[in-house]
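> Can you keep this structure in mind? I'll have questions shortly.
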Amino acid sequence: MMTRILQNSKWGLLIYFALSSAFSIVAVLLGIFRYQGLLTDFRLWIGYLLLIIIVCTIVGYAVAQRMQRRIDAIHDSMLQVSRGNLSVRIRRTEDPSFARLYYEFNTMVDSVEKKMKLLQKLGEQQVVQLEMTTESAVAEERKRLARDLHDSVSQQLFAIHMSASSLPKVMEVDMERAKLVMDQLIQMSYLAQKQMRGLIAQLRPIELEGKSLAEALDAWFPDYCRHNGLQGTKELDLHEPISEAKEHQMFLIIQEAVANIVKHASAQRVTLKLTERESQYILSINDDGRGFNKQMLKPGSYGLHTMQERAEKLGGQVDIMSTPGVGTTIRVYMPRFEEETKIDGTD
């Protein structure tokens, strides 16, 4: 019975401080009855006061440490949950004051985990559905590009071919006219090149088509770093297949992050790490560039906002750590759940 009372923080504090107060009073009374002339002995009074202060300090420190450990458990668990680790739970305690709080916390995280599973599943379905609905639009865009190629570049090339074919005969007859034909060839080739660049700029290669995320990064990341003067290091620690929706969003986040490094960081090295843990994926992209002051960052910065938006579609979040002159680290936390055949609102 006494053990259960002491495990209750409220009653524990009352009993501990009552005992310390009683000890102090008893000590003073013993001193009064034992020594004659105590009231005039200033040094002895100072000694008793110091003893009382030391005893109360020790008792208070012990109680505070006991309380702090339980508060720290809540804080650490909340921090883990905020970073996407929804598997964390606080171990049960015998202290009734904290037991209720721990129970409510664990119940809340259980509810959040169920809802996040459903949200992630719906997000994956939305991404896949969006890809399917855009296939027809992509087909139409390809037809348009084919028409543009035929109506512009193809006709220009045909005109160049015809002019170039007739040029030798024109040169034999009239050199002045041949020079005019040559000028026309130069202008037509320049126009054809300009039109072709415009059409190419509208095309985006689909790096993930028919590949896993690891295969796409193996093909794309070293090549992109090499063409942009970066020393790239890649480390993937994946054990299970990743869903198509997660792979799609992660790849787009990586592309956006590395493109930002090329545009703004003036970096020499970039490190890409993707780690699979029991309850989350952690993607880290680090560079040794010039960094930036986050307080000076414009609200709604397009690249960073886009990365955050893509992560949030699947219940994840993005942390950005940057120091001017040192570099930048972008870390993406994305929840990972065991594959289930059915996810609904029932237990």
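The values are calculated or read from the model by the stated rules, or taken from the named source; none is laboratory data. None of these values were measured; they are calculated from a predicted model. Quick reminder, even Gly has a Cβ in these numbers, built from the backbone with ideal geometry, and neighbours come from all protein chains shown. The protein model used for the area step is the full one, side chains on, heavy atoms only, and it has no ligands, DNA or RNA in it. Shrake-Rupley method; radii C 1.70, N 1.55, O 1.52, S 1.80 Å.
> Report yes if E215 is at pLDDT 85 or above and acidic (D, E), otherwise no. Don't jump to the end; show me each part of the working.
On the way: at pLDDT 85 or above: yes; acidic (D, E): yes.
Yes, satisfied.
> Taking only region 91-120 into account, find how many residues are under 20 Å from G316 (Cβ atoms), of a type in the set (K, R) and open to solvent by 70 Å² or more (accessible area, probe 1.4 Å).
Count: 2.
Here is a yes/no grid of residues against (1) open to solvent by 60 Å² or more (accessible area, probe 1.4 Å); (2) part of a helix (DSSP H, G or I); (3) over 23 Å from E209 (Cα atoms):
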{"position": "I242", "(1), (2), (3)": "no, no, no"}
{"position": "A257", "(1), (2), (3)": "no, yes, no"}
{"position": "R290", "(1), (2), (3)": "yes, no, yes"}
{"position": "Q295", "(1), (2), (3)": "yes, yes, yes"}
{"position": "E309", "(1), (2), (3)": "yes, yes, no"}
{"position": "I320", "(1), (2), (3)": "no, no, yes"}
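> Looking only at region 108-146, which residues are out of contact with any Gly (no Cβ under 8 Å at 6 or more places or on another chain), of a type in the set (K, R) and modelled with pLDDT of 70 or more? Write out each step before concluding.
From region 108-146, those out of contact with any Gly (no Cβ under 8 Å at 6 or more places or on another chain) are 108-113, 115, 117, 121-122, 124-146; that's our starting set.
Checking which are of a type in the set (K, R) leaves us with 115, 117, 121, 142-144.
K115, K117, K121, R142, K143 - these are the residues of region 108-146 that are out of contact with any Gly (no Cβ under 8 Å at 6 or more places or on another chain), of a type in the set (K, R) and modelled with pLDDT of 70 or more.
> Something else about it: Among the residues of region 159-179, which ones are open to solvent by less than 70 Å² (accessible area, probe 1.4 Å) and of a type in the set (D, E)?
Passing the criteria: only D174.
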